[in-house]
Amino acid sequence: MLRTLCRAFRDRRAVAATEFALVLPVLILLVVGLPDLGGAILAAGRATKLAETMAQLVSQSKITLSDTDLDQILGAAPLADPEILTYARAAGVSIEKAATVIVSSVAFKPTNANCQANCQYKANVVFSRALSGAARPCGALVQGEDGSLFTLPSKVYSANSVVVVDVETHFKPFLADLLFGEMSFKRSAYFRPRYVAQIDSTRNCPGYAS
């Protein structure tokens, strides 16, 4: 009987050791990854806030925006999200490459010029300026939810115009970099102009006199 009990005890210890060996990598992954997971969630929220802050700032304009005005607005991105500077230092890149920020004004017109109610609208870029890289090209935009520079979500189509800000920010994990690598977050914000029907720049697209 005693021999049987000892054997059963050894078997249970062997099973426990095997289970621990299986669970240990998961525990290590959780310990290493949880702080970075929290950081990634915060980074995603900051990307949303950055897009909304920049769009709100532009939407309050009462004047035609010059190149200098737009440069100052785009240059304020690190003030809206100081983590852009943190990432730039960690990644060894310039501020312009640490985040993508694109400010655009988009105008809507009825597809049927005689429409009076429940109209269908088409969208065209009035102007677009980027902190670095490509901006939205002049011309028509199509309805789409893919977040590209050639589309707008259907929910923003209506009369008049809208300010669109597209951002992409980055998050570099501290501990889980080897496991997950760098993360990027793309967000867009849409604000109606507050004081004017349409936000213009001194370098509007063809067909939109400034």
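For this structure, a couple of remarks:
- The residues listed here are LEU79, LEU70, LEU74; of these, the one that is closer than 18 Å to SER132 by Cα and touching a residue at least 60 places away in the same chain (Cβ under 8 Å) is LEU70.
- Subset of segment 39-82 [buried (at least 20 other Cβ atoms within 10 Å of the Cβ) and among the acidic types (Asp, Glu)]: ASP81
- Residues of segment 180-195 satisfying the condition of being within 17 Å of VAL103 (Cα to Cα) and assigned to a loop (DSSP other than H, G, I, E, B): ARG192, PRO193, ARG194
- Single residue of segment 70-80 satisfying the filter (farther than 14 Å from VAL167 by Cα and hydrophobic (A, V, I, L, M, F, W, C)) that is modelled with the lowest pLDDT: LEU79
- Qualifying residue in segment 59-69 (condition: farther than 25 Å from VAL156 by Cα, in a helix (DSSP H, G or I), of a type in the set (Ser, Thr, Tyr) and modelled with pLDDT of 90 or more): yes
- Output for segment 141-170, where each listed residue is buried (at least 21 other Cβ atoms within 10 Å of the Cβ) and modelled with pLDDT under 95: THR169, HIS170
- Top-ranked residue of segment 175-200 - restricted to ones that are under 24 Å from ASP146 (Cβ atoms) and among the small types (Gly, Ala, Ser), ranked as modelled with the lowest pLDDT: GLY181
- Enumeration of residues in segment 93-109 that are over 21 Å from THR48 (Cβ atoms), touching a Lys or Arg at 6+ places or on another chain (Cβ under 8 Å) and not charged (D, E, K, R): PHE108
- Pairs, first touching a residue at least 40 places away in the same chain (Cβ under 8 Å) and within 11 Å of GLU83 (Cβ to Cβ) in segment 41-54, second surrounded by 16 or more Cβ atoms within 10 Å (Cβ to Cβ) and among the polar types (S, T, N, Q), C-beta under 8 Å, six or more apart: ALA43/THR169; ARG46/THR169; ALA47/THR169; LEU50/THR169
- Flag for SER161 being touching a Pro at 6+ places or on another chain (Cβ under 9 Å) and either closer than 30 Å to THR86 by Cα or of a type outside the set (A, V, I, L, M) (or both): yes
The values are calculated or read from the model by the stated rules, or taken from the named source; none is laboratory data. A quick note: this is a predicted structure, and the numbers were derived from the prediction, not measured. Note that each Cβ is placed from the backbone with ideal geometry, even for glycine, and that neighbours are counted across all protein chains shown.
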